[in-house]
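All remarks here apply to the structure that follows.
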Amino acid sequence: MKKRIDDLGINNLKILQNPEYFCFGIDAVLLSDFAKKIKNGSNVLDIGTGNGIIPLLLSAKCICKKITGLEIQNKLYNLAKENVTFNNLDNLITIINGDIKNVENIFSENSFDVVITNPPYKKKDSGIVNDNEFIKIAKHETLCTLEDIIKQSKYLLNDKGKFYMVHRPDRLVDIMHLMRKYKIEPKELRYVHSKIAQAPVLILIKGVINAKPFLKTLPPLIIYNQNGEYTEEINRIYGKDINYEKW
């Protein structure tokens, strides 16, 4: 199947996507917006970058020194590299083909100011497993676990380094436990709801290496209003022409 070109609705950025792979969704876009206040000049790593959507969006939302995307799947790695070149961002974004579990062989310790990640949400043997290998790896902890990501983020981040992640609310206890286990103190939490009267479908969480305990719960982010239309905040985040996988 041929690749398509989607407009990201910001800074004239466009992204090449192959529908046979796992195309980016709303979670990646919300995560990049959640992390947009990172300090200017930061060295950022996106774990599991897929087609490179988060580095592309961060290039428009933040003033970063360097953005690196780490991707284990060869085809997605090549697509992410193509997307970087397609948008003339080779001087800012680097894509690396590698396994987060072997990160010590790729990066030096304490080499990043920020780690951002949109990891697989489901445990390896839970839920319905998709026959598509790309979707299975994106949704299930097939090649890495939540603990792998948090543990290796501790290795990668410098003191007071920032950790940003999007995940599912049912994993929140596991997330907080593992963050504290690896000295990443949870500092901000935001629930994402499809509609205001419904249970949250996502969580956005920020942690800081070796920080003092104090968790701030931010106002909820609502995707749809009562008329079933996007809320003002979602429209602000996406712009009019952005394409993404809907809930």
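The values are calculated or read from the model by the stated rules, or taken from the named source; none is laboratory data. All values reported here derive from a predicted model rather than from experimental measurement. In this analysis, Cβ positions are derived from the backbone assuming ideal geometry, glycine residues included, and neighbour counts consider all displayed protein chains.
For the condition in contact with a helix residue (DSSP H, G or I) (Cβ under 6 Å, 6 or more places away or on another chain), buried (at least 16 other Cβ atoms within 10 Å of the Cβ), modelled with pLDDT of 60 or more and over 22 Å from residue 201 (Cβ atoms), what is the one hit in 114, 103?
Details: 114 fails: in contact with a helix residue (DSSP H, G or I) (Cβ under 6 Å, 6 or more places away or on another chain).
Just one listed residue meets the conditions, 103.
If you check residue 87 against the conditions, is it in contact with a Cys (Cβ under 9 Å, 6 or more places away or on another chain), at pLDDT 95 or above and surrounded by fewer than 24 Cβ atoms within 10 Å (Cβ to Cβ)? Before you say what the answer is, go through the steps one by one.
Details: in contact with a Cys (Cβ under 9 Å, 6 or more places away or on another chain): no; at pLDDT 95 or above: yes; surrounded by fewer than 24 Cβ atoms within 10 Å (Cβ to Cβ): yes.
Against the criterion (in contact with a Cys (Cβ under 9 Å, 6 or more places away or on another chain), at pLDDT 95 or above and surrounded by fewer than 24 Cβ atoms within 10 Å (Cβ to Cβ)), residue 87 does not qualify.
Could you pull out the residue among 211, 138, 197 that is at pLDDT below 95 and within 25 Å of residue 44 (Cα to Cα)?
Details: 211 fails: at pLDDT below 95; 197 fails: within 25 Å of residue 44 (Cα to Cα).
Every option except 138 fails the conditions.
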